[in-house]
1. State all residues of the stretch 73-109 that are under 46 Å from the mean Cα position of the chain (by Cα) and either among the aliphatic types (A, V, I, L, M) or closer than 30 Å to His45 by Cβ (or both); if no residue qualifies, say none.
2. Does the stretch 13-31 include one or more residues that are surrounded by 14 or more Cβ atoms within 10 Å (Cβ to Cβ), among the aliphatic types (A, V, I, L, M), assigned to a helix (DSSP H, G or I) and modelled with pLDDT of 90 or more?
3. Any residue at all in the stretch 46-63 that's closer than 29 Å to Leu3 by Cβ and touching a Cys at 6+ places or on another chain (Cβ under 7 Å)?
4. Given the options Lys127, Lys90, Lys153, name the one that is surrounded by 10 or more Cβ atoms within 10 Å (Cβ to Cβ), closer than 30 Å to Glu28 by Cα and of a type in the set (D, E, K, R).
5. Restricting the search to the stretch 43-74, which residues are of a type in the set (Val, Ile, Thr) and surrounded by 10 or more Cβ atoms within 10 Å (Cβ to Cβ)?
6. Tyr77: among the hydroxyl-bearing types (Ser, Thr, Tyr), in contact with a helix residue (DSSP H, G or I) (Cβ under 7 Å, 6 or more places away or on another chain) and either assigned to a helix (DSSP H, G or I) or farther than 17 Å from Pro6 by Cβ (or both), yes or no?
Amino acid sequence: WFLPWPIDALMDVSNKFVAGEQKGFRLEGDEGVDKKVALYIAKVHDMITKSCDQYYDQFRRRVFVTPKSYLSYIMFYKAKYMQKLREISKKESDVTLGLEKLAEAEKQVEALKKELAIKGKEVAQAKRETEEVVRRVNEGQRKADIKMAAAEKVQQKANETAGQIEAERQAANKLLEAAMPFVRAAEKAAAKVNPEDIRNIMSLIKPPEIIQRVLDCV
């Protein structure tokens, strides 16, 4: 048979185990939270004790709540509290780390935006310069094409002129070849002419027509 503890005694015991800094245990919260927790533990135990009395009155079966049960309840509360505190602290740490990474990522994004803005201006400038170079190259190519076309026309004209000259040269050679027998015959005839005969012909006042033609040629 166990006599129930008064609420003040229960609170004194629970306060001893949860108040201040305990080995492997600490309460997180505002000032005075330890007293509130101690009161909560004491009231829960007191409520269970009264429930046991009600159970006996209703079913005539005795259920005992001993001081050891109360101490076990306090130890269980502390262990469960620390377990949940570690879980929450871990989640808090993860969330804090995530927020820090997000903040760092935001800074990096802002830095990248600024860098991209600068790069965008550089790319635009490079594009304009490239377009100008392409325009100049195209203009130079156009002028080169015009000069090439003019040179091709000159070359074509020169080829045509060279062809004409070659044709005329070949025609002149043919005429020369045709005249060569007459030239050789004339050379032979000239070799037979006596200088005395030439003086006689030159002394004629009115030489015959054929002789006059020869003299005109000479």
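1. Arg86, Glu87, Ile88, Ser89, Val95, Leu97, Leu99, Leu102, Ala103, Ala105, Val109
2. Yes, some residue in the stretch 13-31 is surrounded by 14 or more Cβ atoms within 10 Å (Cβ to Cβ), among the aliphatic types (A, V, I, L, M), assigned to a helix (DSSP H, G or I) and modelled with pLDDT of 90 or more.
3. yes
4. The unique qualifying residue is Lys90.
5. Val44, Ile48, Thr49, Val63, Val65, Ile74
6. yes
The values are calculated or read from the model by the stated rules, or taken from the named source; none is laboratory data. These figures come from a predicted structure and were not determined experimentally. FYI the Cβ positions are ideal-geometry reconstructions off the backbone, even for glycines, and counts take in every protein chain you see.
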